[in-house]
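Undergrad: Structure provided below as structure tokens; questions to follow.
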Amino acid sequence: MSPPLWAFDDLVRAADGRAERANGAPVTGLSIDTRTLAPGDLFVALKDQRDGHAFVTQAFRAGAAAALVAEGYEAAPDDGPLIRVRDTLRGLEDIGRAARARLSPEARVIAVTGSAGKTGTKEMLRAGLSRLAPTHAADKSFNNHWGVPLTLARMPAGTRFGVFEIGMNHAGEITPLTKMVRPHVAIVTTVEPVHLAQFPSVTAIADAKGEIFAGLEPGGAAVINRDNPHFATLLRHAEAAGARVITFGQDARADVRPKVLELTSEGTSIGIEIGGREIHYRVASPGIHIAMNSLAVAAALDAAGADVEQALDVLSSLPPPPGRGSRSEHEVAGGRVLIIDETYNANPASMRAALAVLGTVPRSAYRRRIAVLGDMLELGPDEKSHHLSIKDAIDAAGTDLVFACGPNMAHLFAALRPTMQGAWAERSDGLVGPLLAALAPGDALMLKGSNGSRMGPLAEALRQEIGSRSLSG
Ligand SMILES: Nc1ncnc2c1ncn2[C@@H]1O[C@H](COP(=O)(O)OP(=O)(O)OP(=O)(O)O)[C@@H](O)[C@H]1O
Ligand SMILES: [Mg+2]
């Protein structure tokens, strides 16, 4: 049996806290949310949207082994062991740093940031490294001021490979997080015009992403995208941090570049040369952007001293994370309908990449290519032109029909040839009816939009409805 995640006394020391009602019970996990708390967890009472201190007693009822609370918390009679600290977020950060510090010197830690592809890249690394040795990685997109320390604090002492996602909405947010994680390898997947409302320029975004190298361990590696227009900015940050630089991309100057690249709607076959060896592998998630992320994965695996070939082999059977290109086929009267679910999020770059995937759906299997597009949010003052700029990618994909929703997509929709205009609605739920009325056997649909455009519920509604209806042409 593996040892418990934390001994209670070690947690008290790590958080520099004061123990109360201690009973010696070990802590097997950490939770900040009583709805997902598992028995044996340390419940951390964070003040975020709501004050977690209101849920401490509930956490103990759900089986919490202990709770990390502020000095002023008034304990209820039924509460269990408490660790009192001045500030619970600081306490969680301290526990995270202690978890990082207790890893063995052989352990290797990889951090991933970028405007898109963080979670997908992290999941590729997790899947590949898990095959080789005990690996710990972030849940979901836990990449912010509480997600990163929480992921660190959950890391077992015996971890050989740790994989962290680090995100940001403002300049200066990545620096403290990467200094907590202290990665041996730091990846920037890409720099794109997202969060433009918070940044004066895309170069400023590149500067903010480049902060990740400030936390690198001495002798650590920076893995950066050679194809990105902001490569030089990233390189400057990597060099300033004293990093060993490894570049990836299609550029002839990239250290890791594809010598073979075969894109299909079902995945990509890639051949690379790395460490003096040729390696061929397959990525089950389709799209050039995912293929490029896999090059960053290969570079990071090599820099972390892992068996690159064995780890990459796993990618041929790794499904995309939910809403990032997951496919479902639906039998309907007279044929099949394909749904490509890209509803997790969108920016102009990922929108183009997803449309290109729609463009690789073979005509022999599906007659019509249908794009269902929701607004891309947080694009700043040029949001209209960012939306209009997608038209080229729609045409290049051989798209037959477009359904759109939201005020920004209205501009794009109006610019389309009338024969390509399916329907426009203010909100995503307004498209369920028009889509069901228009769908026919042999249709391939790709749905995409920013999280806030609620394209996910639309995809879910279509999957439910199509399964139970017979469609006619
Ligand atoms: N290198 C890339 N360039 C452009 N788009 C990409 C790239 N990699 C992934 N994407 C697309 O971006 C979307 C988000 O992917 P993913 O969840 O991996 O990103 P993320 O950076 O973790 O996002 P978040 O900031 O929301 O956590 C998906 O649609 C995915 O296909
Ligand atoms: Mg993410």
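Undergrad: Show the residue pairs that are 6+ apart or on different chains and have beta-carbon atoms under 6 Å apart, the first residue being within the range 264-285 and more than 19 Å from residue 247 (Cα to Cα) and away from ligand 1 (no atom under 16 Å from the Cβ), the second being of a type in the set (Lys, Arg) and part of a strand (DSSP E or B).
TA: Partner pairs satisfying both residue conditions: 269/282.
Undergrad: Something else about it: Name the residues in the range 44-60 that are within 13 Å of residue 75 (Cβ to Cβ) and in contact with a helix residue (DSSP H, G or I) (Cβ under 9 Å, 6 or more places away or on another chain), would you?
TA: Those that are within 13 Å of residue 75 (Cβ to Cβ) and in contact with a helix residue (DSSP H, G or I) (Cβ under 9 Å, 6 or more places away or on another chain): 45, 53, 59.
Undergrad: Considering only the range 403-472, give the helices (runs of 4 or more DSSP H) lying wholly within it that have at least 2 residues that are among the acidic types (Asp, Glu).
TA: Because the criterion is at least 2 residues that are among the acidic types (Asp, Glu), the helices (runs of 4 or more DSSP H) in the range 403-472 that meet it are 455-467.
Undergrad: I've got another one for you. Looking only at the range 319-340, filter to residues that are within 16 Å of ligand 2 (Cβ to nearest atom) and touching a residue at least 60 places away in the same chain (Cβ under 8 Å); which one of those is nearest to residue 457 (Cα to Cα)?
TA: 323
Undergrad: Checking residue 310 against (1) open to solvent by less than 60 Å² (accessible area, probe 1.4 Å); (2) over 20 Å from residue 398 (Cβ atoms); (3) at pLDDT 95 or above: exactly one of these is not met. Which one?
TA: It fails just one condition, (1).
Undergrad: Restricting attention to the range 336-349, report how many residues are buried (at least 24 other Cβ atoms within 10 Å of the Cβ) and among the hydroxyl-bearing types (Ser, Thr, Tyr).
TA: Count: 1.
Undergrad: Looking only at the range 121-147, which residues are open to solvent by less than 20 Å² (accessible area, probe 1.4 Å) and either outside the structural domain of residue 166 (by TED's automatic domain parsing) or within 8 Å of ligand 1 (Cβ to nearest atom) (or both)?
TA: 121, 122
Undergrad: Sticking with this structure for a sec: Taking into account only those residues within the range 99-150 that are among the basic types (Lys, Arg) and assigned to a helix (DSSP H, G or I), which is nearest to ligand 2 (Cβ to nearest atom)?
TA: 118
Undergrad: Only one residue in 256, 308, 245 is β-branched (Val, Ile, Thr), under 19 Å from residue 213 (Cα atoms) and more than 20 Å from the chain's Cα centre (by Cα). Which one?
TA: 245
Undergrad: Here's another thing I want to ask about it. Which of the residues that make up the range 250-282 are farther than 21 Å from residue 310 by Cα and open to solvent by less than 20 Å² (accessible area, probe 1.4 Å)? Show your work before the answer.
TA: Within the range 250-282, the subset farther than 21 Å from residue 310 by Cα is 250-254, 263-266.
Result: 254, 265.
Undergrad: If the requirement is being within 16 Å of ligand 2 (Cβ to nearest atom) and among the small types (Gly, Ala, Ser), which of these qualifies: 219, 167?
TA: Values: 219 fails: within 16 Å of ligand 2 (Cβ to nearest atom).
Just one listed residue meets the conditions, 167.
The values are calculated or read from the model by the stated rules, or taken from the named source; none is laboratory data. Just so it is clear, the structure is predicted and the values come from calculations on it, not from any experiment. Note: ideal-geometry Cβ built from the backbone for every residue, glycine included; neighbour counts use all protein chains shown. The protein model used for the area step is the full one, side chains on, heavy atoms only, and it has no ligands, DNA or RNA in it. Shrake-Rupley method; radii C 1.70, N 1.55, O 1.52, S 1.80 Å.
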